[in-house]
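Laboratory data are not the source of any read-out in this text; all were calculated from the coordinates shown. Since the model is a prediction, treat every value here as computed from it, not as a measurement. Cβ: placed from backbone, ideal geometry, glycine included. Neighbour counts: every protein chain shown.
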Amino acid sequence: MTKKRKCDVPDFWAFARSFLRVELPMVRKSSVKTIEAYRLSLETYILFLEKHEGIKRALISFEHFEHRYVKAFIKWMNEERHYAPRTVGLRLTALRSFLNYAAEEDMTLVALSQAIRLIKGPKATRGPIEYLTREATTALLAAPSNATAKERRDRVVLIVLYDTGARVSELTNIKFGDLHLEKPAFVSLLGKGNKPRNVPLMDKTVEHLRSYLAEFHTVSVRSKSAEPLFYSNREGRRKELSTDTVSTILKKYATRAHDACDAVPGHIRCHTIRKTRAVDLYEEGVPLPLIMRLLGHEDMNTTSTFYAFATMKMVTNAIDSTSSLGDLEPKRWDEKSLEDALYSLR
């Protein structure tokens with residue numbers, strides 16, 4: 001017989017609604033896509049409790065987030081739903097984030113939140129990261145023309161997105177007052193968990209920004225400081241660009257750049273630009289700890305596992321630069337043979 005929910009325990013549904021409607025959009029400033037991904041993860045868990053565990057929706061409570069339920073949830077996703085390991089990991093991450101939020105609001109849920117952190121999902125196979133070549137990056141940034149104000153704005157959007165390596169939500173959140181264009185120029189970004197960081201700007205980026213500001217921010221400095229740097233006019237007011245709008249801008253010019261340059265992929269995500277900037281910095285010799293700070297990664301492992309083996313070309317160049325053989329013997333490997341040698345058991 002299913003137990004009735006007690007009145008003196010935290011209400012799961014109240015916490016779930018607050019998490020999706022207040023915490024994510026208003027406190028964490030999460031993107032629409034992120035909020036929808038978390039909503040889908042919670043709905044998937046609720047579906048599991050209903051279909052597999054036979055628990056009615058109205059009776060779902062935090063006791064149904066105990067260790068045994070979550071372990072069974074992972075097994076259900078693997079064996080019955082046949083989800084990819086990455087999808088399972090994303091669903092589990094969403095549950096952890098929700099329970100962490102609930103524990104911050106109600107201390108009686110701290111033990112539950114800590115217990116779920118110890119549960120491991122299936123390991124996903126990590127493939128090579130996707131990033132743009134220098135040729136493709138140049139073609140993409142040159143794709144917007146100077147013919148219209150909108151295209152001039154879009155060009156600066158793409159330049160700042162690349163130069164800062166910002167997450168798209170960090171880009172759309174930039175205010176006029178976050179810019180510091182006097183040397184050493186930098187922009188202040190608000191990252192995950194509302195953690196600020198300062199990212200240097202290249203001289204060419206500063207030139208583009210000065211031209212952009214002269215055209216798009218013509219009011220006094222005091223009134224501009226809290227205005228969004230990149231905006232669109234809606235209902236007679238300036239509104240910051242949405243993350244979806246930036247994705248649309250990128251898609252538009254990626255298609256145009258692809259027509260002019262085969263090196264540009266047919267489909268590019270905003271996060272690809274972030275990866276591209278990181279790989280470019282890495283190839284230029286910037287140490288991983290500095291890249292970590294620029295990207296706003298809290299965990300060094302996130303940076304190192306993501307970029308440390310970015311291209312086989314880096315490995316080849318590193319071997320060449322440290323070899324004491326000089327030109328005594330010709331190089332006898334190509335990228336494919338080197339990869340086979342590095343990733344074999346012999």
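Near the amide H of residue 296, within less than 5 Å, lie no amide hydrogens of residues on another chain or at least 5 residues away, with H placed in the peptide plane.
The Cα atoms of region 12-117 cover 36, 30, 25 Å along the three principal axes, with the biggest extent listed first. Amide H contacts of residue 231 (H built 1.01 Å from N, in plane; Pro and chain starts excluded): 241 sit under 5 Å, all sequence-distant by 5 or more or on other chains.
With a simple spin-label model that places each label point 7 Å from the Cα along the Cα-to-Cβ direction, the separation between residue 50 and residue 207 comes to 5.9 nm.
On full extension, the segment bounded by residue 248 and residue 71 gains 59.8 nm, given 0.36 nm per residue less the C-alpha separation.
Per-residue Karplus couplings for region 199-215, computed as 6.51 cos²θ - 1.76 cosθ + 1.60 with θ equal to phi - 60°, are listed in order as 10, x, 10, 5, 4, 5, 5, 4, 4, 5, 5, 4, 5, 5, 5, 4, 8 Hz, Gly and Pro entered as x. Once the cut-off is 30 Å, how many percent of the Cα-Cα pairs in region 134-307 end up in the long-distance tail? Pairs farther apart than 30 Å: 15 percent. Oblate is the label for region 223-294, because the ratio a/c of its alpha-carbon gyration tensor axes (a ≥ b ≥ c) is 1.5 or higher and a/b is not greater than b/c. Applying the Karplus relation 6.51 cos²θ - 1.76 cosθ + 1.60 with θ = phi - 60° to region 66-79 yields 3J(HN,Hα) values of 5, 3, 5, 5, 5, 5, 5, 4, 4, 4, 4, 5, 6, 8 Hz, where x marks Gly and Pro.
Full extension of the chain between residue 145 and residue 37 gives 35.4 nm of extra length, using 0.36 nm per residue less the Cα-Cα distance.
Which shape class applies to region 6-52: rounded if a/c is under 1.5, otherwise prolate when a/b exceeds b/c and oblate if not, where a ≥ b ≥ c are the square roots of the Cα gyration tensor eigenvalues? The shape class here is oblate. Projected label points at residue 227 and residue 195, each 7 Å from Cα along the beta carbon direction, are separated by 3.3 nanometres. Backbone N atoms of region 105-122 closer than 16 Å to the 7 Å Cα→Cβ label point of residue 11 belong to residues 106.
Once the Cα-Cα distance is subtracted from the 0.36 nm per residue extended length, the residue 58 to residue 86 segment shows a gain of 7.1 nm. Report the residues of region 29-62 in range of a label on residue 115: point 7 Å along Cα→C-beta, backbone N strictly under 17 Å from it. Once the point is set 7 Å along Cα→Cβ of residue 115, 49, 60-62 turn out to lie under 17 Å by backbone N, inside region 29-62.
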